[in-house]
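Reviewing the structure listed below.
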Amino acid sequence: MNGTLALLLALAAAAPPPARTYIDVGSPDFRPLAIALTPPQAAPDVQPQANEVGQAVRDDLALTGIFDLLDPRSFLADPREGTAAAQIRFARWADVGAEGLAKVLVRRDGPGLSADLHLYDVRAGREVLFQVLRGPTPRAVAHQIADQIVQWYTREPGIFRTRIAVLRRFRGGRELVLLDADGREPEVVYRENGIALLPAWRPDGGEILFTSYRTGKPEVWALRLADRSLRAVAALGDLASGATFSPDGRRIAFAASVDGNSDVYVVDADGGSLRRLTDDPATDSQPTWSPDGRRIAFVSTRSGNPHLYLMNADGSDPRRLTFQGNSNQTPRWSPRGDLIAFTARDERKVFDVFVVSPETGRISRVTQDQGRTNEEPSWAPNGRLLVFTSDRTGRPQLVISTPSGDHQRVVTSDPAGLDAPAWGPLPR
């Protein structure tokens, strides 16, 4: 071997592996990553469940807005080629524009299923992730696969094993329903023979707060999901409503009307140590915590119309945040801390969803000309998606949207209509 060839081989051996491909969602240069998902492989008796896994993974990733899911009809390589890197014709996948490639093998695992997830970097020609995932149903396995793919490319947890709490009307009352993050698999966890409003999760997912009229006036109650038991949290003055847990789960902020004046209050999670945070003749309501628990955003009419305000968590230093519009309500602070989503009504009495920076006050529109009512936004626990209700297809249904509004999808078709979605926390 001559010296030049030996040097070249040594340099090749010492060369670092190709840089890991990431999706920087917040970057000005963001673009969706092109990924090929091959149809999952399985034994013939498991193939129907494997097909369900594959479709659910595609649907999950499509909701994120961060992937360009390539059409399987465009694939040039044999989708049933092996999973070892040496068996994969990466050039053929590159020819259709794929940057990432995912292959899944599904098999029975006791009463449930297991799946081998193989994820490849097409440009580098190598496998970058292998996971064995198990679940009781095809959808449970699929949500895990989607979460793994999202986490690999974003370095942030996926949200497809979370649940969304929502209210559904029935004759004479409301049902509290839990849905998967894609709007499917409804589970009724509570029925109120009367009015129920404004669900809000405890950060660990163990309880859901809501406003109930069960005693004849609005009060804050909590539903314990483990045994479906109820406990009273706050009953004050003429009404108590719109409760929300602090990020550490130790305190609850809510609005209460005492002697005809609505203000924001805080109690301990067990209902003790009541403190009044606002003291203004105007109506103060709808509190939402910053993710670090140091500030609270709320709605106030102290400037005339309902607008968003900020204050410290002890009630000090209140300041006005929004100055546009004539009715800004239902604020929800992003888990990332960078934005507050809210509902605004314009001069046409059309309701739309907006986001505002708590630091600069800069407002961006999420919805426009998509029905007459888009309202009640709630954030996914990673702060990358919103859920809200919209009447764009008739009765109010859930819409999943990016905060920019450039990627939206209606995910429910409930004949009764749905209200007040609240996106739950990541599973623990």
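Details
- Each residue was assigned an accessible area with a 1.4 Å probe, and for Leu129 the value is about 20 Å².
- Trp93 accessible area, 1.4 Å probe, all protein chains in place, Å² to nearest 10: 0
- In this calculation the C-beta distance from Glu347 to Asp238 is compared with R0 = 25 Å, giving a FRET efficiency of 0.20.
- Selection from Pro48, Phe170, Ala94 lying farthest towards where the dipole of the stretch 44-194 points positive, charges on Cβ: Phe170
- Taking 7 Å steps out from each Cα toward its Cβ at Arg276 and Asp109 produces label points 5.6 nm apart.
- Taking the helices alone, the chain has a mean residue ellipticity at 222 nm of -4000 deg cm²/dmol, built from -39,500 (n - 2.57) per DSSP H run of at least 4 residues and averaged over all its residues.
- Total charge dipole magnitude, the stretch 46-128, about the Cα centre, Cβ charges on Lys, Arg, Asp, Glu only, Debye to nearest 20: 240
- Largest mean-square fluctuation among Thr162, Thr154, Thr288, in a Gaussian network model of the chain whose springs join Cα atoms under 10 Å apart, belongs to Thr154.
- Cβ-Cβ distance of Arg155 and Asn51, R₀ of 45 Å, FRET efficiency by 1/(1 + (r/R0)^6): the value works out to about 0.90.
- C-alpha center-to-center spacing [the stretch 232-267, the stretch 295-356] in angstrom: 18
- A crude spin-label estimate for the pair Ser404 and Ile195, with each label 7 Å from Cα along the Cβ direction, gives 4.0 nm.
- Principal-axis tilt of helix 47-64 within the chain, Cα atoms, nearest 10 degrees: 60
- Averaged per residue, the chain has 45 square angstrom of accessible surface, using a 1.4 angstrom probe with ligands and nucleic acids left out.
- Two-site label geometry, Glu185 and Arg365: point separation in nm, points 7 Å out along Cα→Cβ: 3.7
- Residue separation of Arg134 and Leu230 scaled by 0.36 nm, minus their Cα-Cα distance, works out to 31.2 nm of gained length.
- Tilt relative to the chain, helix 3-14 - C-alpha long axis, 0 to 90 degrees, to 10: 30
- Helix 138-154 axis, angle to the chain major axis (alpha carbon atoms, nearest 10°): 80
- Rounded to 5, the percent of DSSP beta bridges in the chain classed as antiparallel: 95
- Comparing mean-square fluctuations of Pro28, Pro186, Pro318 from a GNM of the chain with C-alpha springs under 10 Å, the top value falls on Pro28.
- Listed residues Leu76, Leu310, Leu398, most fluctuating in the chain (Gaussian network, C-alpha, under 10 Å): Leu76
- If a spin label sat at a point 7 angstrom from the Cα of Ala94 along the line to its beta carbon, the backbone N atoms of the stretch 110-128 nearer than 13 Å would be those of 121-126.
- Taking 0.36 nm per residue of separation and subtracting the current Cα-Cα distance, fully stretching the chain between Arg80 and Thr21 would add 18.8 nm.
- The dipole here belongs to the chain: it is taken about the Cα centre, uses +1 on the Cβ of Lys and Arg and -1 on the Cβ of Asp and Glu, and is about 300 debye.
- Calculated FRET efficiency, Asn305 to Asp29, Cβ-Cβ distance, R0 = 51 Å: about 0.85 to the nearest 0.05.
- Computed 3J(HN,Hα) for the stretch 89-98, one whole-Hz value per residue from the Karplus formula 6.51 cos²θ - 1.76 cosθ + 1.60 where θ = phi - 60°, is 8, 4, 4, 5, 6, 5, 4, 9, x, 6, glycine and proline marked x.
The values are calculated or read from the model by the stated rules, or taken from the named source; none is laboratory data. Model, not experiment: these values are computed from the prediction. Cβ atoms come from the backbone with ideal geometry, glycine included; neighbour counts cover every protein chain shown. Keep in mind that these areas ignore ligands, DNA and RNA; they rest on the heavy atoms of the full protein, side chains included. Shrake-Rupley method; radii C 1.70, N 1.55, O 1.52, S 1.80 Å.
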